[in-house]
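Shown next, in structure tokens, is the structure this report addresses.
The values are calculated or read from the model by the stated rules, or taken from the named source; none is laboratory data. Predicted model, so just to flag it, every value in this text is computed and none were measured. Because the Cβ atoms are built from the backbone with ideal geometry, glycine has one as well, and the counts that use them run over all protein chains shown. Note: accessible area is taken over every heavy atom of the protein model, side chains too, but ligands, DNA and RNA are not part of it. Shrake-Rupley method; radii C 1.70, N 1.55, O 1.52, S 1.80 Å.
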Amino acid sequence: MNEKILVVDDEKEIADLVEVCLKNEGYSVCKFYNGTDALKYAETSNISLGVLDVMLPDIDGFTLVQRLRERFVFPIIMLTAKVEDSDKITGLMLGADDYMTKPFSPPELVARVKTQLRRYTRYNSGDLNDGDKQKPRTEIDVRGLNINSESHRCTLNGKEIVLTPIEFSILWYLCSRKGSVVSGEELFEAVWGEKYLDSSNTVTAHIARLREKLGEPPRRPRYIKTVWGVGYTVD
């Protein structure tokens with residue numbers, strides 16, 4: 001195992017706990033207590049996943065996520081002491097893949113790290129056709145929106161759209177089921193690989209970010225459409 005995990009938390013006890021939990025699973029851990037040093041390290045290192053606190057002494061976790069997403073697509077899990085949905089949605093909208101509220105269960109954190117890394121590995125290996133074993137496809141085109149699972153590239157009218165593994169998986173899943181309505185529950189369980197509980201905000205935030213990247217008008221999206229009370233569809 002050679003995955004390198006970036007841990008950023010100004011609470012030393014929590015950062016140390018996360019470090020111990022992940023090292024016990026065989027991961028390499030790079031630990032920082034502020035965002036500035038973490039960002040500098042990420043720019044010169046090969047990071048597999050980040051675990052970031054929202055409240056940091058210099059730049060806040062939201063800004064750190066935004067800065068990282070300008071250059072990197074590795075999964076990011078955010079830790080927050082706040083329970084307000086607005087904080088969770090903000091993190092997801094800026095590019096985080098998942099979030100956990102403090103205090104958290106160390107085994108659950110490890111499980112979420114493993115889930116995100118499996119997805120990231122699939123993303124980099126091109127194995128994104130689990131939903132269609134008999135007729136695997138590597139490329140889908142919907143009116144100029146082209147998504148390719150071998151190159152992991154998404155283009156819109158020839159212009160490349162940079163997506164995170166989660167965003168790529170969501171778009172691939174919806175496009176591969178073109179013409180069908182996919183519920184939020186189905187989408188969450190297919191992409192996140194976890195049982196759907198009260199995760200509507202997670203799905204909604206990622207759909208909103210995808211639409212933003214595609215330049216979709218909020219009221220009349222061309223590609224990812226909402227079927228109110230049912231789910232989402234690409235037609």
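Matching residues to (1) modelled with pLDDT of 85 or more; (2) surrounded by fewer than 18 Cβ atoms within 10 Å (Cβ to Cβ); (3) not in a loop (DSSP other than H, G, I, E, B):
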residue	(1), (2), (3)
Arg122	no, yes, yes
Lys135	no, yes, no
Thr155	yes, yes, yes
Ile170	yes, no, yes
Cys175	yes, no, yes
Phe188	yes, no, yes
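Say whether the condition of being modelled with pLDDT of 90 or more, under 16 Å from the mean Cα position of the chain (by Cα) and under 26 Å from Gln66 (Cα atoms) is met by at least one residue in the stretch 190-201.
no
Of all the listed residues (Val65, Val54, Val20, Val8), the sole one being of a type in the set (Val, Ile, Thr) and surrounded by fewer than 18 Cβ atoms within 10 Å (Cβ to Cβ) is Val20. Counting the residues of the stretch 212-235 that are out of contact with any strand residue (DSSP E or B) (no Cβ under 6 Å at 6 or more places or on another chain) and part of a helix (DSSP H, G or I) gives 1. Restricted to the stretch 198-229, and to residues there that are farther than 21 Å from Pro75 by Cα and touching a helix residue (DSSP H, G or I) at 6+ places or on another chain (Cβ under 9 Å), the residue that is most open to solvent (accessible area, probe 1.4 Å) is Pro218. Specify the residue that is surrounded by the fewest Cβ atoms within 10 Å (Cβ to Cβ); the eligible residues are those in the stretch 23-37 that are closer than 22 Å to Lys114 by Cβ and among the small types (Gly, Ala, Ser). Among residues in the stretch 23-37 that are closer than 22 Å to Lys114 by Cβ and among the small types (Gly, Ala, Ser), the one surrounded by the fewest Cβ atoms within 10 Å (Cβ to Cβ) is Gly26. Just so you know, in the stretch 142-153 the residues that are on the phi > 0 side of the Ramachandran plot and open to solvent by less than 60 Å² (accessible area, probe 1.4 Å) include one that is modelled with the lowest pLDDT, and it is His152.
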